[in-house]
1. Count, please, the residues in the stretch 329-342 that happen to be out of contact with any helix residue (DSSP H, G or I) (no Cβ under 8 Å at 6 or more places or on another chain) and surrounded by 17 or more Cβ atoms within 10 Å (Cβ to Cβ).
2. Which residues, counting only those in the stretch 18-70, are in contact with a Leu (Cβ under 7 Å, 6 or more places away or on another chain), more than 19 Å from residue 353 (Cβ to Cβ) and outside any loop (DSSP other than H, G, I, E, B)?
3. Can you pull out every residue in the stretch 140-188 that is of a type in the set (A, V, I, L, M, F, W, C) and surrounded by fewer than 17 Cβ atoms within 10 Å (Cβ to Cβ)?
4. Only residues that are part of a helix (DSSP H, G or I) and over 14 Å from residue 359 (Cβ atoms): list them for the stretch 311-330, please.
5. Return the pair list, or none, for Cβ contacts closer than 6 Å from residues in the stretch 135-151 that are modelled with pLDDT under 75 to residues that are surrounded by 23 or more Cβ atoms within 10 Å (Cβ to Cβ) and among the basic types (Lys, Arg), at least 6 apart or on different chains.
6. Output the qualifying pairs, or none if there are none: Cβ atoms under 6 angstrom, residues six or more apart or on different chains, first residue in the stretch 19-36 and under 29 Å from residue 296 (Cα atoms), second residue of a type in the set (D, E, K, R) and surrounded by fewer than 22 Cβ atoms within 10 Å (Cβ to Cβ).
7. Any idea which of (1) in contact (Cβ under 8 Å) with a residue 24 or more places away in the chain; (2) assigned to a loop (DSSP other than H, G, I, E, B); (3) surrounded by 17 or more Cβ atoms within 10 Å (Cβ to Cβ) is the one residue 345 doesn't satisfy?
8. Would you check which residues across the stretch 294-323 are within 27 Å of residue 284 (Cα to Cα) and free of Cβ contacts under 8 Å to residues at least 24 places away in the same chain and list them?
Amino acid sequence: MTCRGLMQRLNDGEKVIVAEGYIFNFEKRCYVQAGPFVPTVVLEHPDLVKQSHEEFVRAGSDVVQAFTASSYRYLITLFNKKKQYIWALGTLYYGHREKLKLIDRSADLETLNRTALRIARECATDTGTLMAGDICNTNTYNPANPSNREKLEAIFKEQVEWAIEEGADFIVAETFGILDEALIALDVIKRYGKGNFHAFKYKPELPFYDFLLKENDNVSWMFLLTGVPAVTTIAVHNNLKDGVECTVDEVEVTEAMKRIESAGADVVGLNCARGPDTMLPLMEKIKKSGVKAHLAALPVTYRTTEKEPSFMNLTDPKTGKLAFPINLDCALCPRDDIFEFGRRCDELGINYVGLCCGNSPHYTRTLAESFGRKPPGSKFSPEMSLHCIFGTDEKVDKYLTTDAVENVLGRKNQSED
């Protein structure tokens, strides 16, 4: 386990950079199928999963987040009596039992989760980074009929316990469109995420601890079993109430943050759904609202707009069709967008910062460099002064460079005229 935990780093004012977005990354590499989005790569190519973690750490990530998002046991699509959708939440459900049934792998649920956790733990230990377990929205919860709370708690409980048993330093509960479901997940983490141990010399005025150790050298030692930190974030798509962004269960975003904070989350904020340009205005509102917990911002790496605030809304400018999920490349952020996002987070004092769907190591490196860091991957950051055409370094052939630039930019023929 790493010696400096998440809260110590955040409380010391450090930035914690978090690389997410594995599922899209592996789909592009032809190891995950778009559509079912089942992360069988964890079982079939665990070496590649570890390599991916290592690449993100090399690019600047402080956290190795286990590839278990949405690897829960049940999926119940909610229908009303007319067989019409009640909810259409904009997230992907990657590794739950019903998805695994589609490819005849439902028996592999626990193995998939534990394998992903062990890979992440090994990589974090090897690199001196933090390891996070991950749970997320289930799409089984209907705010109008929360009688299935026990089922949700069971789903979250087994995932939290697996994460603790496999050595998670903290647990992320993310991508919740429904505030109440996020609060249920957080409650389960607080109840079952007991993973940190501390020893204290006995003092009568200290509160009750879980275990009393035997006396040693005439000193009684108390042993405290504490919960791992909980990071809880929601996804805000295009839900509005009276023209103001809200959760699916119609709670205004800043109010949702305050409720999550009051429920005991150590870090609160937003992830997924929105790109930097449409997430930052919400983060500014959250910052001004008086939330005292550490703030998290993890956008997708797509150029969402005021008109199309979520990457699920984005349309291909050439065809006019929805771009999600396989044609989102037309809306990818340039690296300058990611750099500016990091710079703005720094100005706002947001210390838990990362990237979600669409992320790639070069984006994570750009984010790290926006905070003034030089991770190992910065060895190969662009150096255009040495480019054969656009280079300005004296080592570059000046005659060739000038001639080539004029030709590439279409100026050569103009100058000859």
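1. The first filter runs over the stretch 329-342 and keeps only residues out of contact with any helix residue (DSSP H, G or I) (no Cβ under 8 Å at 6 or more places or on another chain), leaving 329-332, 334, 336.
In the following step, the residues that additionally are surrounded by 17 or more Cβ atoms within 10 Å (Cβ to Cβ) were identified as 331.
Total meeting the criteria: 1.
2. Selection gives 23, 41, 42, 43.
3. Going through the stretch 140-188, the residues of a type in the set (A, V, I, L, M, F, W, C) turn out to be 144, 152, 154-156, 160, 162-164, 168, 170-173, 176, 178-179, 182-186, 188.
Selection gives 144, 154.
4. If the condition is that a residue be part of a helix (DSSP H, G or I) and over 14 Å from residue 359 (Cβ atoms), then 330 is the only one that fits.
5. none
6. 34/27
7. The single condition residue 345 does not satisfy is (2).
8. Looking only at the stretch 294-323, we keep the residues that are within 27 Å of residue 284 (Cα to Cα), and these are 294-315.
Within the stretch 294-323, 307, 308, 314, 315 qualify.
The values are calculated or read from the model by the stated rules, or taken from the named source; none is laboratory data. Quick caveat, the model's predicted, so the values are computed rather than measured. Every residue, glycine as well, gets a Cβ built from its backbone with ideal geometry; the counts of neighbours run over all protein chains shown.
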